[in-house]
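Take a look at the structure set out below.
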Amino acid sequence: MIHQNGVVGIDVSKNHLDIHLHPSGQHWRCGTQPKEIADLARRLAALEPIAVGLEASGGYEQSLADSLHAAGLKVHILPPARIRSFAFGIGQWAKTDRIDAGVIARYLMAVHMGLAPYRPDPTRQRLHALAAHRRRLLAEKSGLVSQSDTINEPLVQTLIAERLNTIAQDIKRLDAAIAELLAQTPHLGQCQKRLRQVTGVGPVLATALLADMPELGKVSAKVAAALLGVAPYARQSGSTQRSGKCMGGRKHLRDIAYMAVLSAIKAKDPVLGGFYQRLRSRGKPFKIAMIATVRKLITILNAIAKNDPAFQT
């Protein structure tokens, strides 16, 4: 039997799962077919661990997380970068699926008290899939436009033009699907409309926040800024005191929020634009002033979400 304070670490890949029980050290491997995942969920539920940790693996972890949650287990989907940094911190330089499962378990044991467990939200998952594919298409479009400026081969130019037209049509379809999904989910539609009342916040940022930042309105302003990657972390040692440095966070959300701030500044918004101009007038460099304004934006949006009942549904 697992120790009463034990946790489970699972390394997820396309074809198999490596499971590690900590602190007992028990390990086994199973497949990823639905029946095998269901059997694993029942086996782990019988062990009654404190928590189960999965490393995010490009979506392969989703069905496993849903099955474990349905079995009554407390599940955490963990960022791969943190797991790898933890491995380096404990001197674990080798990397295999079996080793990774053990590292995940040890990391989870160390931090699980401060983590929010995974909760399935099918609507948000659909919204995430639609928004993520829209970003992929925009990235492809940007690359093709850049290529078209430097390629003179007529056939390649024709193919690029055809692909750009297809991408434009696909983006329209995705936008329509997102609008329909929000219309079918009144509280999310209301949330999007509320966020868009802030100058600079358009449908893309509002949708991205709803899809990929469910913590909005449920955490402090400092935590919201950290989730976006615009919270400066202290860097002090002995008598040395350096300026704080921003790191981590959800880059795609930060990139969209950055563009939203640029729009607000261009529109001379008295709140965000005025804040940015005051920083610049005090001699703050452009980048520092922009990051500070993005931090102010997410603080405002977090406060809105915290006080709007639609976000608490």
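Just so it is clear, none of the values below were taken in a lab; they were calculated from the coordinates. A quick note: this is a predicted structure, and the numbers were derived from the prediction, not measured. Cβ placement follows ideal geometry from the backbone for every residue including glycine, while neighbour counts extend to all protein chains displayed.
Side notes on the structure shown:
- Over the chain, Cα pairs under 8 Å with separation of 6+ residues give a relative contact order of 13 percent.
- Around the amide H of Trp28, modelled in the peptide plane, lie the amide H atoms of Ile19, all under 5 Å away and 5 or more residues distant in sequence or on another chain.
- Taking one quarter of the surface of the convex hull spanned by the alpha-carbon atoms of segment 130-278 gives a direction-averaged projected area of 12.8 nm².
- The angle between the Cα long axis of helix 272-281 and the main principal axis of the chain comes to about 80°, on a 0 to 90 degree scale.
- Length-normalised contact order of segment 15-112 in % [C-alpha pairs under 8 Å, at least 6 apart]: 32 percent
- Span from the segment 212-230 Cα centroid across to the segment 142-204 one, whole angstrom: 26 Å
- Folded to 0 to 90 degrees: helix 97-111 orientation relative to the chain principal axis, Cα: 80 degrees
- Residue among Ser67, Met109, Cys246 farthest towards the positive dipole end of the chain, charges placed on Cβ: Cys246
- Reduced Cα scattering model of segment 221-312, Debye log10 I(q)/I(0), q = 0.16, 0.17, 0.19 Å⁻¹: -0.70, -0.78, -0.93
- When each of Lys218/Lys306; Lys193/Lys222; Lys193/Lys251; Lys141/Lys287; Lys245/Lys268; Lys218/Lys287 is checked by Cα-Cα distance, pairs over 18 Å: Lys193/Lys222; Lys193/Lys251; Lys141/Lys287; Lys245/Lys268; Lys218/Lys287
- Relative to the longest principal axis of the Cα atoms of the chain, the long axis of helix 34-47 makes an angle of roughly 60 degrees.
- Radius of gyration (Cα atoms) of segment 36-117, expressed as a multiple of 2.2 N^0.38 Å: 1.08.
- Think of each Lys and Arg Cβ as +1 and each Asp and Glu Cβ as -1; about the Cα centre, that makes the dipole of the chain roughly 1460 debye.
- Cα-based convex hull, the chain, per residue volume (Å³, whole number): 202 Å³
- Using every pair of separate Cα atoms, the Kirkwood estimate puts the hydrodynamic radius of segment 98-160 at 16.2 angstrom.
- Taking the Cα centre of segment 7-114 as origin and assigning +1 to Lys and Arg Cβ atoms and -1 to Asp and Glu Cβ atoms, the resulting dipole is close to 140 debye.
- One chain, two ends: Leu164 and Asp149. Fully extended at 0.36 nm per residue, the span grows by 4.0 nm beyond their Cα-Cα distance.
- P(r) tail fraction, segment 10-74 - alpha-carbon pairs more than 13 Å apart, %: 60 percent
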